[in-house]
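See below for the structure under consideration.
Readers should treat all values here as calculations from the given coordinates under stated rules, not as data from a laboratory. Computed from a predicted model, the values in this text were never measured in an experiment.
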Amino acid sequence: MMDKKVSIIVPTIGRASLRNTLASILNQSYQNLEIIVTDDTPEGKAYPIVKEFNSEKIKYVKNEKYKRGPSGNKNNGLDFITGDYFTFVDDDDVILPEAIETLIKVAEEKGYSIVIANCLDSETGKYTGLSYGKDLEWTYEDWLKGYLDGEY
């Protein structure tokens, strides 16, 4: 299981919260990671924050190819992944220390090519997303029909 590389794309606009996001990713129990910070600001606001970490796992890239905004910035990050799996973590989110390990374990044990996890709202302590913390299996057809709704 530990041989699978995971690319984590962090789309950012250089917010200070990026520090907590990167710290939570670097603190993962699963360590075969690459972190791609894709900066959507013309002036490169995220670069000084990324540089503070001095980590070989973090690759900083500017979005100079795609339209500015969340979708374009995420697409920019996808251009740089080298992992067997990938995920997105927004620059104002933190992930629990076992998050990536848990997702990889489920994917490998069940033979899934896609695993989606709910978000937990830190203010309310409640799950967001349609499945609200339940373990469910979805098909590609379910996804196409729009059964998945909310934040994951």
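The tail of the calculated P(r) for region 1-113 beyond 21 Å holds 32 percent of all Cα-Cα pairs. Name the lysines eligible as straight-distance cross-link partners of Lys110: C-alpha to C-alpha under 24 Å, and not fewer than 8 places from it in the same chain. Correct list for Lys110: Lys4, Lys5, Lys134, Lys145. Using the Karplus relation 6.51 cos²θ - 1.76 cosθ + 1.60 with θ = phi - 60°, the per-residue 3J(HN,Hα) values for region 98-103 come to 9, 4, 5, 4, 5, 5 Hz, with x marking Gly and Pro. A simple rule links phi to the HN-Hα coupling: the Karplus curve 6.51 cos²θ - 1.76 cosθ + 1.60 with θ = phi - 60°, which for region 6-15 gives 10, 9, 10, 8, 10, x, 9, 10, x, 5 Hz, with x for Gly and Pro.
For region 36-53, backbone phi angles converted through the Karplus equation (6.51, -1.76, 1.60; θ = phi - 60°) give residue-by-residue couplings of 10, 8, 10, 8, 9, 9, x, 8, x, 4, 7, 4, x, 5, 4, 4, 4, 7 Hz, Gly and Pro being listed as x.
Annotation: amide H of Ile35 within the under-5 Å range of Ile8, Ile58, Lys59, sequence separation 5 or more or interchain, hydrogens built in the peptide plane.
So between Lys110 and Asp84, what do we pick up on full extension, going 0.36 nm a residue minus the alpha carbon distance?
Working: separation 26, 0.36 × 26 = 9.36 nm, distance 1.59 nm.
Result: 7.8 nm gained on full extension.
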